[in-house]
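Here's the structure, in structure tokens; my notes come after.
The values are calculated or read from the model by the stated rules, or taken from the named source; none is laboratory data. These numbers were taken from a predicted model, which means no experiment stands behind them. Because the Cβ atoms are built from the backbone with ideal geometry, glycine has one as well, and the counts that use them run over all protein chains shown.
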Amino acid sequence: MPGQAEAIVAEGLSKVYRLYQRPTYKLLDVVGLCPEGARYYTEHVALRDIDLRIGCGEKVAIIGRNGAGKSTLLKLITGIIRPTCGSVTTVGRISNLLQLGTGFHPEFTGRQNVYASLAHQGITGADADRLFEEVVTFAEIEEYVDQPMKTYSTGMCSRLMFSSVIVLRPDILAVDEVLGVGDAYFSHKSFERMRALCTEEGTTLLLVTHDIYSAMHLCDRFIWIDSGAVRFDGDGKAAVAMYETSIKEQEEHRLRQENAARIAQASEAVHIHVVVRTRTGFAPDSPIGLESIELIGRRGSTALAVADGAPGWHLVPEGNLAPRQTIAGRDCRTIATHGSIYHKAEWLVSTRGLGELTGARIRWRYEGADTVDFRAFTQRRCLLIAGELPAGPGWQEQMLTVSSGAPSALEPMKQTDYGTGLVRIHQVQFLDASGQHVVQVRHGESLTVRVHCEATAVVPGNAVTFVVGFARQGSPYAAHVYEPALQVPDARKFVVDATINPVRLGSGHWLVTLGIGQRNMFARDVVRYFTIDDGWYHYVGARLQIQVLSASHLDEAGCFMVHPARIALIDA
């Protein structure tokens, strides 16, 4: 934020670990005698060129898959490890909770460990006694505090360690997943304490978590790290969308590598990827006609007539390119409005005789509303050419040039809609009992989720799976409305009403997901992650929101659902 004091500044921060072939090589390296080379060690880049500025009092969630570099970043910021290159500057006292049990001896009692932790930070005497009482009170383990910590459960260890960290009111608090081992009550209590520290004390929070929905309830800023690099830095909803999309991207990248390896067996040429895709990642609302693509280099060019193919142009099977057809007198192929979950056309193109790539010429036809992108990039995802193919009447032609400046990586997609596109969800409305549009509903009242749909082709058996999911922000709770075999009409357009009467969800903000897919989807032997499941026709990620208002203090206290039941007295 402009004018905000900075608590953390990282510039060019990188960390490289050496993985030794034998333990003796590590010892030799300590004294500078280990030879270089793969026979002795390999290098693993945990983080590369991280630039971050985090202001005082910011609440930042750091997300990413296992091994992405999240914990390494926290260790560098807290000074536990030193960077290989770059620098990190922090302001104020740092407290961290990065690994369960760190700094606490299992043979010592809880009391002894807390006092030792306080003494390590220079707090003794009456001050230590006062803070000890605060720790025990917050942790709520009074009856166990004089027992050895080796007798504690992981949840009890988490309680005591967290309480010991936050009692000092640090300027920077770094927490790495350990709260996930505790119970829901203490997790909620801990989140509220961290929120209060940031709001009232100006503490800067760094929270590493896989529970991104809970983090949205606490954190204002999300940093997504993947393969040691920052892929996104911004608001929570966008981060969730991109993180979920990354699962699909990971699968797409794996398939690209398989295709490249297969083609490489028959050719020694270097290849680059050429892809035409919708910017949303979902099915286009109108077919995208492709007549020709030409890559131009300093030593030559290579051209593809899309309808006929061309030597050196290998079509990637994961895509939605329809068969050859003639449109307005030109032979072409189109990216169809439904089919594969990968809504693109992609080729692996040989660079033999091309030289350094300088540009690309594309002829296309598109009259839809979605934005269409052209990308050319290396097998290491280094972006060479990026451009937009605008909609318009008739056939169009455009020349795109290689991007100037420093090379950039192929950008991640911010996708919220998934599936094959056989059925599309066009509009979603929340209605109360009188049919009025609402954005909030009171617990116990009626709510209708009205979904406007359109079939782009014949629906097999005229039946679909229909599901509405509710995920409560700030908690692990979720609920679903589900119909495994909903009959749909022959008409292209239809409307589905899911009426919940009464609403039994607890109070708070709920993120809403919607899905329409093949009949009996959840009865299949294997149910894949939704972003890469071709059983879905259209799955809308958690980008819609409804607020449930409290009807009593029961649901305010943390109950996520009040289940209906008949309660009656009977004769003894």
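Taking strands (runs of 3 or more DSSP E) as the structural unit, those lying wholly within segment 304-349 and holding at least 2 residues that are assigned by TED's automatic domain parsing to the domain that holds residue 278 and either surrounded by 21 or more Cβ atoms within 10 Å (Cβ to Cβ) or within 27 Å of the chain's Cα centre (by Cα) (or both) correspond to 330-335. Within segment 383-433, being in a strand (DSSP E or B) and among the basic types (Lys, Arg) holds for one residue alone: 424.
Residues in segment 36-51: is at least one out of contact with any His (no Cβ under 8 Å at 6 or more places or on another chain), of a type in the set (Gly, Ala, Ser) and surrounded by 15 or more Cβ atoms within 10 Å (Cβ to Cβ)? So far as segment 36-51 goes, yes, one or more of its residues are out of contact with any His (no Cβ under 8 Å at 6 or more places or on another chain), of a type in the set (Gly, Ala, Ser) and surrounded by 15 or more Cβ atoms within 10 Å (Cβ to Cβ). Taking the criterion of being among the small types (Gly, Ala, Ser), in contact with a Leu (Cβ under 6 Å, 6 or more places away or on another chain) and in a strand (DSSP E or B), the residues of segment 84-138 that qualify are 86, 95. Restricting 300, 228 to residues that are more than 28 Å from residue 337 (Cβ to Cβ), touching a residue at least 12 places away in the same chain (Cβ under 8 Å) and assigned by TED's automatic domain parsing to the domain that holds residue 385 narrows the list to 300. Within segment 400-414, the set of residues being under 16 Å from residue 249 (Cβ atoms) and of a type in the set (A, V, I, L, M, F, W, C) comprises 409, 410, 413. Just one residue in the set 498, 542 is touching a helix residue (DSSP H, G or I) at 6+ places or on another chain (Cβ under 7 Å), under 18 Å from residue 471 (Cα atoms), outside any loop (DSSP other than H, G, I, E, B) and not hydroxyl-bearing (Ser, Thr, Tyr); that residue is 542. Screening residue 174 with (1) at pLDDT 85 or above; (2) more than 15 Å from residue 95 (Cα to Cα); (3) surrounded by 13 or more Cβ atoms within 10 Å (Cβ to Cβ) gives one miss only, at (2).
For (1) over 22 Å from the mean Cα position of the chain (by Cα); (2) in contact (Cβ under 8 Å) with a residue 40 or more places away in the chain, each residue gets a yes or a no:
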| residue | (1), (2) |
| --- | --- |
| 419 | no, yes |
| 427 | yes, no |
| 435 | yes, no |
| 445 | yes, yes |
| 449 | yes, yes |
| 485 | yes, no |
| 505 | yes, yes |
| 515 | no, yes |
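Of the candidates 78, 89, 84, 72, the single residue that is in contact with a strand residue (DSSP E or B) (Cβ under 7 Å, 6 or more places away or on another chain), within 30 Å of residue 222 (Cα to Cα), hydroxyl-bearing (Ser, Thr, Tyr) and surrounded by fewer than 13 Cβ atoms within 10 Å (Cβ to Cβ) is 89. Is segment 151-160 home to any residue that is at pLDDT 90 or above, of a type outside the set (A, V, I, L, M, F, W, C) and more than 30 Å from residue 226 (Cα to Cα)? The answer is yes, given that some residue of segment 151-160 is at pLDDT 90 or above, of a type outside the set (A, V, I, L, M, F, W, C) and more than 30 Å from residue 226 (Cα to Cα). Any residue at all in segment 507-525 that's part of a loop (DSSP other than H, G, I, E, B), among the aliphatic types (A, V, I, L, M) and not assigned by TED's automatic domain parsing to the domain that holds residue 209? No, because not a single residue in segment 507-525 is part of a loop (DSSP other than H, G, I, E, B), among the aliphatic types (A, V, I, L, M) and not assigned by TED's automatic domain parsing to the domain that holds residue 209. Residues of segment 251-268 that are surrounded by fewer than 14 Cβ atoms within 10 Å (Cβ to Cβ) and modelled with pLDDT under 75: 265, 266, 267, 268.
Contact annotation: residue pairs with Cβ atoms under 6 Å, 6 or more positions apart or on different chains, pairing a residue in segment 369-380 that is farther than 16 Å from residue 400 by Cα with a partner that is in a strand (DSSP E or B), are 370/278; 378/272.
Taken together, 77, 94 contain a single residue that is of a type outside the set (S, T, N, Q) and modelled with pLDDT under 90, which is 94.
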